[in-house]
Amino acid sequence: MSNAIAWGEAAFLGLIQGLTEFLPISSSAHLRIIGPLLPSGTDPGAAFTAITQIGTEAAVLLYFRHDIARIIRAWCLSFTKRGSRSDPDARMGWLIAIGTLPIAILGLLFKDAIEGSLRNLYITATMLIVFALILALADRYGAKKQPLSKLTWGHGILFGFAQAMALIPGVSRSGGTITAGLLMGYTREAAARYSFLLAIPAVMASGFYQLYRSWEHGSAVAPGPTALATLVSFGVGYFVIVWFLRLVSTRGYMPFVWYRIALGTLVFALLGLGVLSAT
């Protein structure tokens, strides 16, 4: 992200980040697509995306603060005689830790591609459409019976690999994990809640790592506008969590499926017309 980006553009990108992070429509794809269409014409970049996600994950920490505190306490106690690894909250802590490993390992192994070639807009548009179809099938045919308390170790790992697919813009972190959850028979709300909890370690680690890199190696992002975008994403993201969890309790994911297909098709059209550049 260029230091020339305007404060207004940064606030707008923060708004987009907050609106899209928790929906199965890929926040990284939206920032990648919208950035070059703004007056500065700048791809915000992987570093800006990762740092602004700190804001949306802070919203998760606030919304789920009681659940998170209970999970952390039980998980820490599981290392002592006072606790038990069979405690549901301690078990959830271990499942989140194990489920984070795939994205951590793959993120490090493919860091250069994630920050470079995988940001090609042809890939982004393709992923938007392909994973829209997979989400549609999962929402249509998934059993949607299992509560989060029935989460198994094997399913926890599969959730982790589904989350790791979001390293490719267009897949969607929440979309990948929610789709996997539906395919494994979990309810819509259970899949969404676990998606939010599972994202916390990976997103926070990625965001603070990129923040550290920008400080140590000379700012790759504009500090002031990026901070503003992060703050905006926090405020907007909190209200999106509230709305989204209520929505998925009563309705399906098909509106998001059609939106992904429409957006992917629009990106292909803009690339064909030369309005957007693939790289």
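The values are calculated or read from the model by the stated rules, or taken from the named source; none is laboratory data. As the structure is a prediction and not an experimental result, all values here were calculated from the model. All Cβ positions, glycine included, derive from the backbone under ideal geometry; neighbour counts span all protein chains shown.
Numerical summary
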{"item": "Where a residue in the stretch 111-130 is farther than 9 Å from Thr279 by Cα and its partner, wherever it lies, is at pLDDT below 95 and of a type in the set (Ser, Thr, Tyr), with Cβ under 7 Å and at least six apart", "result": "Leu128/Ser26"}
{"item": "Filter result (assigned to a helix (DSSP H, G or I), among the hydrophobic types (A, V, I, L, M, F, W, C) and in contact (Cβ under 8 Å) with a residue 24 or more places away in the chain) within the stretch 63-85", "result": "Ile68, Ile71"}
{"item": "Yes/no for Val236 being in a helix (DSSP H, G or I), modelled with pLDDT under 95 and within 24 Å of Gly175 (Cα to Cα)", "result": "no"}
{"item": "Any pair with Cβ under 7 angstrom, 6 or more apart, that starts in the stretch 192-218 at a residue that is among the hydrophobic types (A, V, I, L, M, F, W, C) and modelled with pLDDT of 90 or more and ends at one that is surrounded by fewer than 23 Cβ atoms within 10 Å (Cβ to Cβ) and not in a helix (DSSP H, G or I)", "result": "Phe196/Phe64; Leu197/Phe64"}
{"item": "Spans of helices (runs of 4 or more DSSP H) in the stretch 144-216 with at least 2 residues buried (at least 19 other Cβ atoms within 10 Å of the Cβ) and touching a strand residue (DSSP E or B) at 6+ places or on another chain (Cβ under 8 Å)", "result": "188-216"}
{"item": "Hits in the stretch 168-191 - residues which are within 20 Å of Ala59 (Cβ to Cβ), aliphatic (A, V, I, L, M) and in contact (Cβ under 8 Å) with a residue 60 or more places away in the chain", "result": "Ile178"}
{"item": "In the stretch 262-278, residue surrounded by the fewest Cβ atoms within 10 Å (Cβ to Cβ) [restricted to those that are without any contact (Cβ under 8 Å) to a residue 40 or more places away in the chain, among the small types (Gly, Ala, Ser) and outside any loop (DSSP other than H, G, I, E, B)]", "result": "Gly272"}
{"item": "In the stretch 21-62, the residues that are assigned to a helix (DSSP H, G or I) and surrounded by fewer than 18 Cβ atoms within 10 Å (Cβ to Cβ)", "result": "Ile34, Pro36, Leu37, Leu61, Leu62"}
